[in-house]
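S.K.: For reference, the structure I am asking about is given below.
The values are calculated or read from the model by the stated rules, or taken from the named source; none is laboratory data. Computed from a predicted model, the values in this text were never measured in an experiment. Glycine gets a Cβ as well: all are built from the backbone with ideal geometry, and neighbour counts include every protein chain shown.
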Amino acid sequence: MVRGNKRSRTFRRVYVKTPGGKTVLHYRKRKSAKPQCGACGKVLPGVARGRITDIKKMSKTERRPERPFGGALCSECMRMHLKAQARKAYV
């Protein structure tokens, strides 16, 4: 029988083929949720998804897009935000 903490769906079940030819069940931690835009909630493209330990090993440019508010807002919301800021500056 499997250990008690492995019975929940906290861990995902992955079937792995061993060099001996057997197929065994491995328990791996799940990925984190997909990053979302802070304004509209849309899934952010170009932002790394995975465990925090794996993401921290990446370079900063691999983690998120290189644009203003990259990794926080989607490109559409970023454009709207910058336009709103520009409008405030002229008033």
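S.K.: Which numbered condition trips up Arg9, out of (1) assigned to a loop (DSSP other than H, G, I, E, B); (2) surrounded by 10 or more Cβ atoms within 10 Å (Cβ to Cβ)?
M.R.: So the condition that Arg9 fails would be (2).
S.K.: Restricting to segment 35-48, and then to whatever is surrounded by 12 or more Cβ atoms within 10 Å (Cβ to Cβ) and out of contact with any strand residue (DSSP E or B) (no Cβ under 9 Å at 6 or more places or on another chain), can you tell me which residue is farthest from Arg12 (Cα to Cα)? Show your work before the answer.
M.R.: Step one: of segment 35-48, the residues surrounded by 12 or more Cβ atoms within 10 Å (Cβ to Cβ) are 35-39, 42-44, 46-48.
Right, trim to out of contact with any strand residue (DSSP E or B) (no Cβ under 9 Å at 6 or more places or on another chain) and you get 38-39, 46-48.
Numbers: Gly38: 28, Ala39: 31, Gly46: 25, Val47: 23, Ala48: 20 Å.
Here the residue is Ala39.
S.K.: Quick check on segment 49-78: of everything there that is of a type in the set (A, V, I, L, M, F, W, C) and surrounded by fewer than 13 Cβ atoms within 10 Å (Cβ to Cβ), which residue is farthest from Arg30 (Cα to Cα)?
M.R.: By that ranking, first place goes to Met58.
S.K.: Further, regarding this structure: Please verify whether Arg3 is loosely packed, with under 10 Cβ neighbours inside 10 Å, within 30 Å of Arg64 (Cβ to Cβ) and not assigned by TED's automatic domain parsing to the domain that holds Pro68, treating the condition exactly as stated.
M.R.: On the way: loosely packed, with under 10 Cβ neighbours inside 10 Å: yes; within 30 Å of Arg64 (Cβ to Cβ): no; not assigned by TED's automatic domain parsing to the domain that holds Pro68: yes.
When the stated conditions are applied, Arg3 does not pass them.
S.K.: Just to be sure I understand the filter: pairs with C-beta atoms under 7 Å, separated by 6 or more residues or on different chains, first member in segment 74-87 and closer than 15 Å to Pro35 by Cβ, second member among the hydrophobic types (A, V, I, L, M, F, W, C). Which pairs pass?
M.R.: Cys74/Cys37; Cys74/Cys40; Cys74/Leu44; Cys77/Cys37; Cys77/Ala39; Cys77/Cys40; Met78/Phe69
S.K.: Looking only at residues that are under 23 Å from the mean Cα position of the chain (by Cα) and farther than 14 Å from Lys31 by Cβ in segment 1-18, which one is modelled with the highest pLDDT?
M.R.: First, pick out the residues of segment 1-18 that are under 23 Å from the mean Cα position of the chain (by Cα): 8-14.
Pick out the ones that are also farther than 14 Å from Lys31 by Cβ and you get 8, 13.
Working: Ser8: 90, Arg13: 96.
Residue satisfying both the conditions and the ranking: Arg13.
S.K.: Follow-up question, since we're still on this one. Please verify whether Gly21 is small (Gly, Ala, Ser), at pLDDT 95 or above and not assigned by TED's automatic domain parsing to the domain that holds Met78, treating the condition exactly as stated. Quick ask: steps written out before the conclusion?
M.R.: On the way: small (Gly, Ala, Ser): yes; at pLDDT 95 or above: yes; not assigned by TED's automatic domain parsing to the domain that holds Met78: yes.
Answer is yes for this residue.
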